[in-house]
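Below you'll find the structure, written out as structure tokens, and then a few comments.
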């Protein structure tokens, strides 16, 4: 018990004096996960909306696949991206393996299906309500997608945040494609895994505290914004 | 600049609509001409809303034909529709109208002016910048009417536009419909409310179980209904 309290005290000390190692790891984590979320949102939002509105053969299969991919195991994503980026792989010549870019690719792959599947549900519900009115106004499919994405923006924030939560919390994918190289590809989750196995509990615990606070903070902010926006816009 | 040829008259012939093995509209034929307010009257479940959606092109007929103006292309662009439950986008009242104008291809420079004019006509100019979805039910329906009005349609479809509204809001909607009619737009409206049909109709299409039982001038319909079903409906009996 005293080990834990001692570690906790040291961890809080690291956070309080903005320990350089700690800050560097947190900064890289945010950079990687936020970039991955931006990429995944750019792909997942239109993809989800297109599947919601589209009527094409194989649509039901695609929806089931998309929903299943929400539970994609990070280590498997890491393995696949590793194979693609490794020197012998098809994307090997790009030399991205063990760089932050590789980690962005892995996390974006992991969370694009999450954002797309949640978006599909939100947009499909909205389309049920809007379809006749928008068709009466002569909407084109492209315009309908843009209109619905904008009109459900407060609900879609939740979808994007679910992606952010998943990206920033996963360890398997970034470990494999990033390599957990100190000062280059070490992020919060990989550092926690490493420091724990090394026995350096204070740093692991400090990073863990920051990670949890971050995820909770982002979700709280999103919740508050969504509530306020829905009160304002109905 | 000359006006494009009219999309009226509307010629509906042997129109049939089947959904889930059930015939909802059953070999219906009628013609609609310019100038008269047509009220499609009938009990709930008669197929009034479906008939309106078929005419507006929101549903595809299972059989029969719908011909606008002897075969005008894209007749739907000259029509607008107001639904029983208004659907408003999460943006201001004004932006809901400019959005519709944008889809209709109205140049950007004209949209704001036309939208504000339409809002003023239904008495909503003071809430132009309010989010549309926080307006009351009656205000939202007036906004829906303004949105349709702004498009200057040749034909305006209204599907039970006051079914969810209190008498005050209903009155405002009916007054606006009268003005739209006076300005030359063909009104085609469904209702199951006899009083409203009496107030608005120039001619009545009486629909029962997916069939047109009567299509006559309103005065004639209410004074001398030709079918026992219409007579029963006017008496206030439950018919099905």
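Would you pick out the residues in the stretch B:74-85 that are under 27 Å from residue B:139 (Cβ atoms) and assigned to a loop (DSSP other than H, G, I, E, B)?
Once the filter is applied, which keeps residues that are under 27 Å from residue B:139 (Cβ atoms) and assigned to a loop (DSSP other than H, G, I, E, B), the stretch B:74-85 yields B:83, B:84, B:85.
Residue A:72: touching a helix residue (DSSP H, G or I) at 6+ places or on another chain (Cβ under 9 Å) and not in a helix (DSSP H, G or I), yes or no? Full working, then the answer.
Numbers: touching a helix residue (DSSP H, G or I) at 6+ places or on another chain (Cβ under 9 Å): yes; not in a helix (DSSP H, G or I): yes.
It is true that residue A:72 is touching a helix residue (DSSP H, G or I) at 6+ places or on another chain (Cβ under 9 Å) and not in a helix (DSSP H, G or I).
Could you tell me which of the residues A:124, A:132 is under 25 Å from residue A:48 (Cβ atoms), in contact with a helix residue (DSSP H, G or I) (Cβ under 9 Å, 6 or more places away or on another chain) and without any contact (Cβ under 8 Å) to a residue 12 or more places away in the chain?
On the way: A:124 fails: without any contact (Cβ under 8 Å) to a residue 12 or more places away in the chain.
Within the list A:124, A:132, the selection yields A:132.
Would it be correct to say that residue B:71 is at positive phi, more than 14 Å from chain A (Cβ to nearest Cβ) and not in a strand (DSSP E or B)?
Working: at positive phi: yes; more than 14 Å from chain A (Cβ to nearest Cβ): yes; not in a strand (DSSP E or B): yes.
When the stated conditions are applied, residue B:71 passes them.
In the stretch A:196-206, which residues are in a helix (DSSP H, G or I) and more than 12 Å from residue A:10 (Cβ to Cβ)?
Within the stretch A:196-206, the first condition is being in a helix (DSSP H, G or I), and the residues that meet it are A:196-198, A:201-206.
Of everything in the stretch A:196-206, those that are in a helix (DSSP H, G or I) and more than 12 Å from residue A:10 (Cβ to Cβ) turn out to be A:196, A:197, A:198.
How many residues are more than 10 Å from every other protein chain (Cβ to nearest Cβ) and under 22 Å from residue A:128 (Cα atoms) if we restrict to the stretch B:74-85? Steps first, answer last, please.
So in the stretch B:74-85, the residues more than 10 Å from every other protein chain (Cβ to nearest Cβ) come out as B:75, B:78, B:84.
If we keep only those that are under 22 Å from residue A:128 (Cα atoms) as well, we get B:84.
Total meeting the criteria: 1.
Of all the residues that make up the stretch B:42-56, how many are at pLDDT below 95 and within 23 Å of residue B:184 (Cα to Cα)?
0
So which of B:56, B:34 is crowded, with 20+ Cβ neighbours inside 10 Å and under 16 Å from the mean Cα position of the chain (by Cα)?
Details: B:34 fails: crowded, with 20+ Cβ neighbours inside 10 Å.
Going through B:56, B:34 in turn, the sole match is B:56.
Being facing chain A (nearest Cβ under 9 Å), under 19 Å from the mean Cα position of the chain (by Cα) and in a loop (DSSP other than H, G, I, E, B) is the filter; apply it to the stretch B:86-123 and report the residue that is nearest to residue B:160 (Cα to Cα).
It comes out as B:86.
Farther than 30 Å from residue B:91 by Cβ and either free of Cβ contacts under 8 Å to residues at least 40 places away in the same chain or assigned to a helix (DSSP H, G or I) (or both), is that true of residue A:217?
Working: farther than 30 Å from residue B:91 by Cβ: no; either free of Cβ contacts under 8 Å to residues at least 40 places away in the same chain or assigned to a helix (DSSP H, G or I) (or both): yes.
No; evaluated as a whole, the condition is false for this residue.
The values are calculated or read from the model by the stated rules, or taken from the named source; none is laboratory data. Just so it is clear, the model here is predicted, and its values are computed rather than measured. No Cβ is skipped: glycine too gets one built from the backbone with ideal geometry, and neighbour counts run over all protein chains shown.
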